[in-house]
Amino acid sequence: MKNLIFIFVLLISVTANAKFVEGIVKFNDGHEEKGLIKSFLEEKWFFAQTSKSLEENLNLDDKFLVFKINNESDTKKILIDEINQVTLINENNTVQIFKVIFLREVNKDGTISDEERKVYLPLLKEGRINIFGFKFLEKSVKGGIYSKDEIFYYQNSNENYAINYGNIDEFASEIIFESNMREKLSKRMGNPLKDLFKDCPEIVNNIDTLLEPYIEQDRAYEAEEKRLSKEFKKLPKEKQNDLLTIHYYDFNFIDKLINDYQNCK
């Protein structure tokens with residue numbers, strides 16, 4: 001992700017020069033306050049990369065919000081440590097929920113880092129496994145070429161942290177020519193999933209086996225990938241832009257595991 005400019009494209013109705021947006025702040029003690037919010041969404045739509053963390057570049061680790069009840073009222077700062085979630089209300093009355101949650105990275109060997117940082121993550125789907133994610137554009141500083149991308153995070157609802165599963169390709173490229181590549185890739189892909197589903201032995205015990213077709217790139221796996229790609233291209237543009245639809249087709253293996261986990265005792 002070097003030499004890139006990121007453009008956060010999560011919210012459709014909020015313009016880049018907006019200072020305050022309508023929203024609801026839910027506090028850790030359970031009470032809510034509705035008003036106008038100035039936060040992590042302003043003045044960070046276009047910026048040069050200054051950190052290895054995408055979340056920091058997108059200001060999703062903002063330490064406080066600026067809040068006021070209405071245009072005439074005084075403003076106050078609300079610290080991220082006080083907040084449970086923020087609901088932003090768009091001009092077309094659609095809403096976007098940002099959960100405040102600890103984020104942990106996945107190490108090269110697939111283990112989950114003990115280090116964590118508090119961030120705002122946009123909630124896509126709530127359940128026993130919560131799915132967070134957003135779209136962003138990458139622009140080369142030199143070439144001016146844009147490319148779309150998405151990133152997804154997962155949280156077992158029994159835990160207070162989400163994991164960043166989105167850097168798997170970065171590590172996969174580092175080990176592609178190593179003699180024990182398959183073993184390392186299996187750990188890199190499998191260990192975070194074992195952590196995510198750790199309270200469901202039925203899933204955990206089958207993850208290594210389920211990953212084999214992907215790691216070996218066997219014919220059955222390639223055929224399924226082609227089928228999903230072909231099916232996705234036939235969808236209406238509106239569906240193709242939907243993040244949960246993208247997740248289903250691009251991360252179908254994980255999507256199926258999450259659905260299976262709903263029935264795990």
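Every number in this text was worked out from the coordinates using simple rules, so none of it is lab data. All values derive from a computational prediction rather than experimental measurement. Cβ placement follows ideal geometry from the backbone for every residue including glycine, while neighbour counts extend to all protein chains displayed.
Between the amide H of ASP62 and those of TYR120, distances stay under 5 Å, these residues lying 5 or more places away or on another chain, with hydrogens modeled in the peptide plane. Using a cut-off of 32 Å between Cα atoms, the listed pairs LYS76/LYS108; LYS108/LYS234; LYS38/LYS125 include LYS76/LYS108; LYS108/LYS234 as exceeding that distance. Modelled spin-label separation between SER73 and GLU202, with each label point placed 7 Å from Cα along the Cα-to-Cβ direction: 4.9 nm. With the Cα gyration tensor of the range 196-265 giving a ≥ b ≥ c as the square roots of its eigenvalues, does the rule (a/c under 1.5 for rounded; else a/b larger than b/c for prolate; else oblate) give rounded, prolate or oblate? It comes out oblate by the Cα gyration axes. All other residues whose Cβ lies under 14 angstrom from that of LEU228 are scored, Lys and Arg at +1 and Asp and Glu at -1, for a net of +1.
The HN-Hα couplings worked out from phi for the range 156-164 by the Karplus form 6.51 cos²θ - 1.76 cosθ + 1.60 (θ = phi - 60°) are 6, 5, 7, 10, 9, 9, 10, 10, 8 Hz, whole numbers, x standing for Gly and Pro.
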